[in-house]
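Student: The following block contains the structure, expressed as structure tokens.
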Amino acid sequence: MHAPTDSHWAAVKRILRYLKGTTSYGFHITRGSFFALHGFTDADWAGSIDDRKSTGGYLVFFGQTPISWKSGKQRTVARSSTEAEYKALADGTAEVIWLQYLLTDLQVPSVSAPTIWCDNLGATYLSANPIFHACTKHVEVDYHFVRDRVAKKEIQIRFVPSRD
Amino acid sequence: MVDLSFYQLPQVSSLPPSSPVSPPARSNHPMTLKPRQPKTANLVASTAATSASTRVLHSPSFEPIAFSDADRYAVWNNAMCDEIAALRSNHTWSLVPFHSSMNVVGSRWVYRIKRRVDGSIERYKARLVARGFTQQEGIDYSETFSPVIKQATVRLVFSIAVSRNWKIHQLDIHNAFLIGVLTKEVYMKQPPGFVDSSLPSHVCKLHKSLYGLKQAPRAWYTCLSDFLLSIGFRASKVDTSLFILSDGTNIFYLLVYVDDILLTGSNSAMLHHLIQLLSSEFKLRDLGAFHYFLGIEVQSTGMGLMLRQHKYIFDILTRAGMTSYKPVDTPVSPSKVILLPDHSFFDPT
């Protein structure tokens with residue numbers, strides 16, 4: 001943002017007007033009995049028309065309460081929607097694992113391994129299948145990171161259709 | 001990032017890089033400071049007594065920037081005398097002869113009017129801050145990083161506490177940044193208006209931390225952390241601002257955000273004991289059930305806790321002069337597109 005223009009200024013003012021509409025909004029931490037983590041990840045593909053990078057994100061719940069979330073442009077360009085989804089899945093996995101360590105530190109026993117829901121079948125297959133697809137060679141590190149955690153049963157990856 | 005400016009943020013980052021009225025800090029000429037009315041330490045009480053004839057007695061409703069503006073008013077003068085007395089009893093510094101090898105940082109006064117909820121004036125507060133931006137790495141400071149609690153940790157601990165019906169206490173540490181012990185030698189000019197007339201060329205050798213010093217947050221964190229570890233807490237490995245105390249049957253969580261502390265746990269009697277233990281070491285206030293933490297308003301509902309940022313949003317809109325603007329439903333216009341100036345990709349869809 002070294003050369004802001006009028007359109008940027010208008011965008012900033014719109015954010016503040018949006019903020020004004022949210023003054024009465026709040027974040028509810030509800031009493032729950034189900035102490036388990038579960039997360040959702042999603043991504044678009046090549047959403048940025050400036051550099052063709054995708055936007056991915058995750059949302060992690062503890063019981064009924066959302067604990068951690070992020071949405072952001074991915075650092076590298078994805079060659080397929082599955083790859084974009086897979087990178088989001090890797091980010092979500094890292095966060096869930098961090099939270100799982102935190103829960104262990106807090107001495108809160110976990111009921112089951114955290115589940116991450118992802119709406120891309122290809123990405124869920126990638127997390128479980130040891131098959132090395134030619135089109136995903138270049139995402140090797142993320143690939144092994146998630147699959148390693150799944151193989152150790154530290155997390156489960158499940159498919160959830162977008163419309164649900 | 002939360003704005004903490006209305007939540008007793010220590011005056012570190014809000015310090016302007018250089019004030020237009022106070023003298024510039026020049027480390028090679030540390031004694032250029034010429035206050036209008038030099039006072040010696042033992043004259044503090046008597047200046048307050050003589051001020052009746054020379055100083056304006058009515059209570060001003062503005063916060064002066066310069067010492068010379070504030071010194072005209074009895075209330076601000078008293079506030080400065082109080083601060084100097086507090087620093088003296090804290091053994092914050094001792095006066096030593098100046099040597100040319102010393103890097104001497106300046107000091108200035110920051111004046112704040114503390115108001116009650118209804119807007120009336122509660123008290124006048126003068127805070128002496130070191131001009132830490134003239135400190136040199138390796139000479140008078142080394143490590144400055146001070147961990148702060150992660151928001152996800154706060155929400156997770158809240159969620160656990162709410163689910164288990166634990167009470168969450170908020171503790172407010174009084175003058176947290178004055179508690180830390182300095183490990184590096186730091187020299188500071190004598191405070192404006194309080195130059196010892198018998199030793200005018202001496203400088204303050206700091207033993208304890210001061211607001212404005214680069215290492216102030218870290219010195220405080222180290223001090224608090226050492227104490228917590230000594231009473232049985234352990235620092236979480238994944239979030240170093242979270243401390244956990246467990247004796248097998250009971251468990252307590254303590255969250256640190258600079259000088260704001262949240263404490264919760266499974267046994268309320270032991271919680272009170274822990275708070276007493278902490279207050280025996282640090283001067284603190286137990287704010288009880290908390291309503292306001294890191295700019296977030298907390299309301300108890302039948303179902304749990306409701307967190308809101310109504311005041312924070314209102315403050316932003318006030319600062320932008322947009323309180324009367326019409327709200328919109330989305331943060332970004334779906335039709336207008338902002339492009340890079342050298343837009344080189346095209347939309348293939």
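Student: Would you confirm whether or not region A:141-154 contains a residue that is within 22 Å of residue A:37 (Cα to Cα), open to solvent by 80 Å² or more (accessible area, probe 1.4 Å) and modelled with pLDDT under 85?
Tutor: No, region A:141-154 has no match at all.
Student: Now, a different point. So is residue B:305 closer than 20 Å to residue B:232 by Cβ and either within 11 Å of chain A (Cβ to nearest Cβ) or open to solvent by less than 30 Å² (accessible area, probe 1.4 Å) (or both) or not?
Tutor: Working: closer than 20 Å to residue B:232 by Cβ: no; either within 11 Å of chain A (Cβ to nearest Cβ) or open to solvent by less than 30 Å² (accessible area, probe 1.4 Å) (or both): yes.
Considered against the rule, which asks whether it is closer than 20 Å to residue B:232 by Cβ and either within 11 Å of chain A (Cβ to nearest Cβ) or open to solvent by less than 30 Å² (accessible area, probe 1.4 Å) (or both), residue B:305 comes out as no.
Student: To continue, here is another question. May I ask you to list the residues in region A:1-42 that are under 30 Å from residue A:154 (Cβ atoms), open to solvent by less than 60 Å² (accessible area, probe 1.4 Å) and not in a loop (DSSP other than H, G, I, E, B)? Full working, then the answer.
Tutor: Of the residues in region A:1-42, the ones under 30 Å from residue A:154 (Cβ atoms) are A:27-42.
Cutting the leftovers down to open to solvent by less than 60 Å² (accessible area, probe 1.4 Å) gives us A:27, A:29-30, A:32, A:35-39, A:41.
Answer for region A:1-42, where residues must be under 30 Å from residue A:154 (Cβ atoms), open to solvent by less than 60 Å² (accessible area, probe 1.4 Å) and not in a loop (DSSP other than H, G, I, E, B): A:27, A:29, A:30, A:37, A:38, A:39, A:41.
Student: State yes or no: is residue B:293 touching a strand residue (DSSP E or B) at 6+ places or on another chain (Cβ under 9 Å) and either at pLDDT below 85 or within 11 Å of chain A (Cβ to nearest Cβ) (or both)?
Tutor: On the way: touching a strand residue (DSSP E or B) at 6+ places or on another chain (Cβ under 9 Å): yes; either at pLDDT below 85 or within 11 Å of chain A (Cβ to nearest Cβ) (or both): yes.
Yes; evaluated as a whole, the condition is true for this residue.
Student: May I pose another question? Restricting the search to region A:43-67, which residues are facing chain B (nearest Cβ under 10 Å) and assigned to a loop (DSSP other than H, G, I, E, B)? Show your work before the answer.
Tutor: Within region A:43-67, the first condition is being facing chain B (nearest Cβ under 10 Å), and the residues that meet it are A:46, A:48-52, A:60-67.
Passing the criteria: A:46, A:48, A:49, A:50, A:51, A:52, A:63, A:64.
Student: Sticking with this structure for a sec: Residue by residue through region B:200-217, note down the ones that are of a type outside the set (Gly, Ala, Ser) and either within 17 Å of residue B:86 (Cα to Cα) or modelled with pLDDT of 90 or more (or both).
Tutor: Applying the first criterion (of a type outside the set (Gly, Ala, Ser)) to region B:200-217 yields B:200, B:202-208, B:210-211, B:213-215, B:217.
Matches in region B:200-217: B:202, B:203, B:204, B:205, B:206, B:207, B:208, B:210, B:211.
So that you can scan it fast, the table gives a plain yes or no per residue for (1) of a type in the set (A, V, I, L, M, F, W, C); (2) more than 20 Å from residue B:89 (Cα to Cα); (3) more than 14 Å from chain A (Cβ to nearest Cβ):
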position	(1), (2), (3)
B:168	yes, yes, no
B:196	no, no, yes
B:200	no, yes, yes
B:220	yes, no, yes
B:234	no, yes, no
B:240	no, yes, no
B:243	yes, yes, no
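Student: So, one more: Right, residue B:204: touching a residue at least 24 places away in the same chain (Cβ under 8 Å), within 21 Å of residue B:144 (Cβ to Cβ) and in a helix (DSSP H, G or I) or not?
Tutor: Values: touching a residue at least 24 places away in the same chain (Cβ under 8 Å): yes; within 21 Å of residue B:144 (Cβ to Cβ): yes; in a helix (DSSP H, G or I): no.
Considered against the rule, which asks whether it is touching a residue at least 24 places away in the same chain (Cβ under 8 Å), within 21 Å of residue B:144 (Cβ to Cβ) and in a helix (DSSP H, G or I), residue B:204 comes out as no.
Student: Answer yes or no: is there a residue in region A:61-71 that is in contact with a Gly (Cβ under 9 Å, 6 or more places away or on another chain), farther than 14 Å from residue A:96 by Cβ, hydroxyl-bearing (Ser, Thr, Tyr) and open to solvent by 60 Å² or more (accessible area, probe 1.4 Å).
Tutor: The answer is yes, given that some residue of region A:61-71 is in contact with a Gly (Cβ under 9 Å, 6 or more places away or on another chain), farther than 14 Å from residue A:96 by Cβ, hydroxyl-bearing (Ser, Thr, Tyr) and open to solvent by 60 Å² or more (accessible area, probe 1.4 Å).
Student: Contact list please: Cβ distance under 7 Å, first residue in region B:127-139 and assigned to a loop (DSSP other than H, G, I, E, B), second residue open to solvent by less than 50 Å² (accessible area, probe 1.4 Å) and hydroxyl-bearing (Ser, Thr, Tyr), pairs at least six apart or on different chains.
Tutor: B:131/B:107; B:135/B:141
Student: Follow-up. Of all residues in region B:243-269 being out of contact with any strand residue (DSSP E or B) (no Cβ under 7 Å at 6 or more places or on another chain) and surrounded by fewer than 16 Cβ atoms within 10 Å (Cβ to Cβ), which is nearest to residue B:228 (Cα to Cα)?
Tutor: B:247
Student: Do we have residue A:12 as more than 7 Å from chain B (Cβ to nearest Cβ), over 26 Å from residue A:162 (Cβ atoms) and modelled with pLDDT of 90 or more here?
Tutor: On the way: more than 7 Å from chain B (Cβ to nearest Cβ): yes; over 26 Å from residue A:162 (Cβ atoms): yes; modelled with pLDDT of 90 or more: yes.
So residue A:12 fits the description; yes.
Student: If you take the residues in region A:86-107 that are open to solvent by 10 Å² or more (accessible area, probe 1.4 Å), over 14 Å from the mean Cα position of the chain (by Cα) and not charged (D, E, K, R), which one is farthest from residue A:126 (Cα to Cα)? Even if it seems obvious, please write down each step before you answer.
Tutor: Just the residues of region A:86-107 that are open to solvent by 10 Å² or more (accessible area, probe 1.4 Å), to begin with: A:87, A:91, A:94-95, A:97-98, A:100-101, A:104-105, A:107.
Then drop every residue that is not over 14 Å from the mean Cα position of the chain (by Cα), which leaves A:100-101, A:104-105, A:107.
From what is left, the residues that are not charged (D, E, K, R) are A:100-101, A:104, A:107.
On the way: A:100: 22, A:101: 24, A:104: 28, A:107: 32 Å.
Ranking the candidates gives A:107 first.
Student: Let me confirm something: among B:108, B:123, B:116, which residue is touching a residue at least 60 places away in the same chain (Cβ under 8 Å), of a type in the set (Lys, Arg) and more than 14 Å from chain A (Cβ to nearest Cβ)?
Tutor: Answer to the selection: B:108.
Student: Does residue B:300 meet the test of being modelled with pLDDT under 85, open to solvent by 50 Å² or more (accessible area, probe 1.4 Å) and more than 22 Å from residue A:17 (Cβ to Cβ)?
Tutor: Working: modelled with pLDDT under 85: no; open to solvent by 50 Å² or more (accessible area, probe 1.4 Å): yes; more than 22 Å from residue A:17 (Cβ to Cβ): yes.
Criteria not met by residue B:300.
The values are calculated or read from the model by the stated rules, or taken from the named source; none is laboratory data. Note that the coordinates shown come from a computational prediction; the quantities given were computed from them, not determined experimentally. Quick reminder, even Gly has a Cβ in these numbers, built from the backbone with ideal geometry, and neighbours come from all protein chains shown. When the accessible area is computed, the model is the full protein with side chains, heavy atoms only, and any ligands, DNA or RNA have been set aside. Shrake-Rupley method; radii C 1.70, N 1.55, O 1.52, S 1.80 Å.
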